[in-house]
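Worksheet: one structure, shown below.
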């Protein structure tokens with residue numbers, strides 16, 4: 001189960017993607033007021049993420065995951081209730097796309113996406129000048145230690161650096177979220193400090209971390225469980241901006 005928190009009109013909303021349902025539901029709630037906004041039957045997209053640009057919410061969905069050459073589609077909304085028809089924005093003809101994440105950068109929008117490779121997962125990248133334009137592959141491949149799932153990408157405009165959170169397989173059925181950064185999408189700087197760690201009652205899987213910001217505070221959504229028999233979405237906060245959080249895992253900005 002994937003989720004994205006978004007900031008829209010001075011409110012924080014959670015968008016949760018239920019890919020266990022054959023109709024693929026998207027549930028939207030106001031985190032601040034605990035108000036349920038809508039449940040949308042999207043009918044596509046096993047894996048999803050969301051961002052806000054110019055007061056519009058864009059949801060990116062990977063379709064038919066596990067199929068080589070599967071597509072990424074985008075839908076958008078200004079009120080979280082009425083959504084546009086799906087528009088195809090990307091496909092990787094050589095790989096199967098799983099989790100995706102998109103952020104704005106200096107020249108448009110960058111996508112980090114997860115592919116399956118030899119039983120493990122790695123990250124690749126694609127770029128578009130406009131958020132709903134056609135994305136083209138760019139850069140290299142991030143392999144971590146052979147397992148890098150669940151990318152969440154952000155851009156630091158001051159230092160022209162991309163920060164990417166990812167799920168690392170620690171072995172023994174344990175998974176935690178780590179972070180790396182890059183300026184050229186070909187050379188990567190790893191932090192050996194976990195970026196997000198499960199509490200003792202949150203199982204062995206701490207994954208699909210996504211975050212947003214409001215009034216100088218960072219809001220997180222993340223999945224807990226054991227990757228096999230149970231899982232849930234939880235909320236966390238940190239008294240710092242998104243960039244302060246990301247930069248804190250490296251010795252210099």
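FYI, it's all coordinate maths here, none of it is from the lab. Computed from a prediction, not measured in an experiment: that's the story for all the values here. Here the Cβ positions follow ideal geometry from the backbone for every residue, glycine too, while neighbour counts run over all protein chains shown.
Tabulated results
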quantity: Where a label projected 7 Å from the Cα of residue 104 along Cα→Cβ would reach, residues of region 45-60 with amide N under 16 Å; calculated: 50-59
quantity: For region 157-253, the spread of Cα positions along each principal axis, largest first, Å; calculated: 42, 33, 19
quantity: Alpha-carbon centroids, region 146-187 and region 52-69: separation in whole Å; calculated: 19 Å
quantity: Potential extension, residue 134-residue 236 segment - 0.36 nm per residue separation minus Cα distance; calculated: 33.3 nm
quantity: Within the chain, helix-based [θ] at 222 nm, where runs of 4 or more DSSP H residues each add -39,500 (n - 2.57), nearest 500; calculated: -500 deg cm²/dmol
quantity: Hypothetical label at residue 93: residues of region 136-155 whose amide nitrogen lies under 17 Å (7 Å Cα-Cβ projection); calculated: 136-138
quantity: For the chain, alpha-carbon Rg and Dmax in angstrom; calculated: 16.7, 46
quantity: For region 236-253 versus region 111-129, the gap between their alpha-carbon centres in whole angstrom; calculated: 24 Å
quantity: Ranked 16, 252, 52, 72, criterion: other C-beta atoms within 10 Å, fewest first; calculated: 252, 52, 16, 72
quantity: Efficiency of FRET from Cβ geometry, residue 118 and residue 34, R₀ 41 Å, rounded to 0.05; calculated: 0.40
quantity: Listed peptides 159-165, 65-71 by packing density, highest first (mean Cβ within 10 Å); calculated: 159-165, 65-71
quantity: Gain upon complete extension [residue 217, residue 85; 0.36 nm per residue less C-alpha separation]; calculated: 44.2 nm
